[in-house]
Amino acid sequence: PFDEKTYANNTVSKIKLVGNYLYVADDAKHRIMKIDKKDGTILKEQKYCDESYIQGYVSSIGYGDGKVYVGYDNGRVQAFDENTLESLWITDENKNAINADFVFTNGKLYFGTTAKTTDWYDNGAPFSYYVVTTSDDDKTNDKVTDTKDIGEAFSGNITYDEMTGTIYFVAGTNDLYGIKVSADGKLKDEKKVRLYETGYSATTPEVYNGKVYV
């Protein structure tokens, strides 16, 4: 029979290429690795902050601001120094699983979460996007900048349009969302449009010349 926990514990994240190095997170050994892209040598590795943590099914890894980011199935995001892999900070637990790739821009990290359930389409489950500042001048808070509950499942990624300061993503039954991001990282001015009346989309929108393509 299918063993959900065993399956999840074998997860390896998507690979993040930064310069001459590959970064990857490995649930089997609860670690993040820095690998030489030329010969595959593991140059450094660092354990997750808690060896009971796993990434879950999306298994995204992010990069920006000199840090590598790993998301866990309890909704926490841990930042590691790109050179030493030293743990720099970790966000508060929110009980929901990271469920979208990380997007980094202008000192902020964007990501989505969903309830830990095998039924992705349960409309009663919470689905949210988060934005956190990646600099950590105050080593004692680790506070989330803002959250927004959209109430729909999603499994695509988000796109940030710098010209309009808007993030775009598709959720639920093909609903395209556009949410403005203020200078202080707050999410507001939400708009959405239904693209198609049936099915479910996992697309990542692209923005070009004032138009959004999905």
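The values are calculated or read from the model by the stated rules, or taken from the named source; none is laboratory data. Since this is a predicted model, take the numbers as computed values, not measurements. Virtual Cβ from ideal backbone geometry, glycine too; neighbours counted across all protein chains shown. Side chains are part of the model used for accessible areas, which takes the heavy atoms of the whole protein and leaves out ligands, DNA and RNA. Shrake-Rupley method; radii C 1.70, N 1.55, O 1.52, S 1.80 Å.
List of remarks:
- Among the residues making up the range 141-163, those that are under 19 Å from residue 107 (Cα atoms), of a type in the set (S, T, N, Q) and modelled with pLDDT under 85 are 141, 145, 147, 157.
- Any hit, the range 128-141, residues being open to solvent by less than 50 Å² (accessible area, probe 1.4 Å) and over 23 Å from residue 70 (Cβ atoms): no
- Selection count, the range 178-214, where residues are in a loop (DSSP other than H, G, I, E, B), surrounded by 13 or more Cβ atoms within 10 Å (Cβ to Cβ) and of a type in the set (Val, Ile, Thr): 3
- Scope the range 71-106; condition open to solvent by less than 30 Å² (accessible area, probe 1.4 Å), more than 20 Å from residue 32 (Cβ to Cβ) and part of a loop (DSSP other than H, G, I, E, B); matching residues: 96
- The range 146-174 residues that are farther than 20 Å from residue 201 by Cα, paired with ones that are modelled with pLDDT under 90 and aromatic (Phe, Trp, Tyr) (beta carbon under 7 Å, 6 or more apart): 147/130; 148/129
- Consider the range 107-119 and keep the residues that are touching a strand residue (DSSP E or B) at 6+ places or on another chain (Cβ under 7 Å) and either surrounded by 14 or more Cβ atoms within 10 Å (Cβ to Cβ) or not in a loop (DSSP other than H, G, I, E, B) (or both). The one that is modelled with the lowest pLDDT is 116.
- When residues of the range 42-84 are limited to those that are under 15 Å from residue 99 (Cβ atoms) and among the β-branched types (Val, Ile, Thr), the one farthest from the chain's Cα centre (by Cα): 54
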